[in-house]
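Working notes, structure below.
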């Protein structure tokens, strides 16, 4: 662990434990001042959320898109000294590492992004929805995405995971769920909900799988629908206890 990351870990310990992850991130970024660069943001995300954006960038995991969100593309074009409406450098932009895209965007915006704006940017570039992850704390749902555990707990019931490019989503049960109910099969009600929105059952892996027919990363709205269905099953399980 680098000294800067170690320092963040120490300082974040002082932040109230009952704060959400986004509140901790915002509190820390405010404490270091208004001029926050990409490296600083990525290190903070690693400490607070456990999500390694450097790893995602290095492996080129995450969003599989033809172009980024228009706000990102316009800012990157400006960073390359071309008109913000011109697409002449778009191929160059899409060939950049995700870290470079993030760094250039933050530089164009004069290192003045708030924590909330950083989280939007991270989702647009890396496909990591930190606001959504924060909202799932203590939800009994584990998240595995971009080759790493984003949320995990010994008593979690279900796992929502994705392919490295986010084109596919998977839903399955945890070992704790199997121990609790004596089965590794998803509840019938959840199975039917997933099937109704396009999931199919993969018997070899004992999981339900969805592949985006456009071969692009699954949109956040669809991920939210899937998570919502899973949380309904968590509530049903909890009510039976």
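Could you list, in sequence order, the residues of the range 96-115 that are modelled with pLDDT of 95 or more and part of a helix (DSSP H, G or I)?
Across the range 96-115, the qualifying residues are 98, 99, 100, 101, 102, 103, 104, 105, 106, 107, 108.
Collect the residues in the range 116-128 that are within 24 Å of residue 165 (Cβ to Cβ) and in a helix (DSSP H, G or I), keeping them in residue-number order.
118, 119, 120, 121, 122, 123, 124, 125, 126
Is it the case that the range 154-161 has a residue that's more than 28 Å from residue 59 (Cβ to Cβ) and not in a strand (DSSP E or B)?
Yes, the range 154-161 has at least one match.
Do you know which of the residues in the range 23-58 that are touching a strand residue (DSSP E or B) at 6+ places or on another chain (Cβ under 9 Å) and surrounded by 15 or more Cβ atoms within 10 Å (Cβ to Cβ) is nearest to residue 165 (Cα to Cα)?
The extreme case among them is 56.
Can you tell me which residue is modelled with the lowest pLDDT among those in the range 151-161 that are crowded, with 19+ Cβ neighbours inside 10 Å and touching a helix residue (DSSP H, G or I) at 6+ places or on another chain (Cβ under 8 Å)?
In this case the residue turns out to be 151.
Looking at the range 116-142, which of its residues are under 16 Å from residue 29 (Cβ atoms) and crowded, with 21+ Cβ neighbours inside 10 Å?
118, 119, 121, 122, 130
Tell me whether the range 113-122 contains one or more residues that are closer than 26 Å to residue 168 by Cβ, in contact (Cβ under 8 Å) with a residue 12 or more places away in the chain and in contact with a strand residue (DSSP E or B) (Cβ under 6 Å, 6 or more places away or on another chain).
no
Which of the residues that make up the range 83-96 are surrounded by 14 or more Cβ atoms within 10 Å (Cβ to Cβ) and either under 24 Å from residue 39 (Cα atoms) or under 19 Å from the mean Cα position of the chain (by Cα) (or both)?
If the condition is that a residue be surrounded by 14 or more Cβ atoms within 10 Å (Cβ to Cβ) and either under 24 Å from residue 39 (Cα atoms) or under 19 Å from the mean Cα position of the chain (by Cα) (or both), then 90, 93, 94, 96 are the ones that fit.
Condition first: touching a helix residue (DSSP H, G or I) at 6+ places or on another chain (Cβ under 6 Å) and without any contact (Cβ under 8 Å) to a residue 12 or more places away in the chain. Now tell me which residues in the range 66-85 satisfy that.
84
Residues in the range 174-187: is at least one in contact with a helix residue (DSSP H, G or I) (Cβ under 7 Å, 6 or more places away or on another chain) and not in a loop (DSSP other than H, G, I, E, B)?
no
If residue 191 satisfies every condition in (1) touching a residue at least 60 places away in the same chain (Cβ under 8 Å); (2) over 18 Å from the mean Cα position of the chain (by Cα); (3) surrounded by 13 or more Cβ atoms within 10 Å (Cβ to Cβ) but one, which is the exception?
Of (1) touching a residue at least 60 places away in the same chain (Cβ under 8 Å); (2) over 18 Å from the mean Cα position of the chain (by Cα); (3) surrounded by 13 or more Cβ atoms within 10 Å (Cβ to Cβ), only one is false for residue 191: (1).
Out of the range 59-90, which residues are part of a helix (DSSP H, G or I) and modelled with pLDDT of 95 or more?
Within the range 59-90, 70, 71, 72, 73, 74, 75, 76, 77, 78, 79, 90 meet the criteria.
The values are calculated or read from the model by the stated rules, or taken from the named source; none is laboratory data. Fair warning: this is a prediction, and the values are worked out from it, not measured in the lab. Virtual Cβ from ideal backbone geometry, glycine too; neighbours counted across all protein chains shown.
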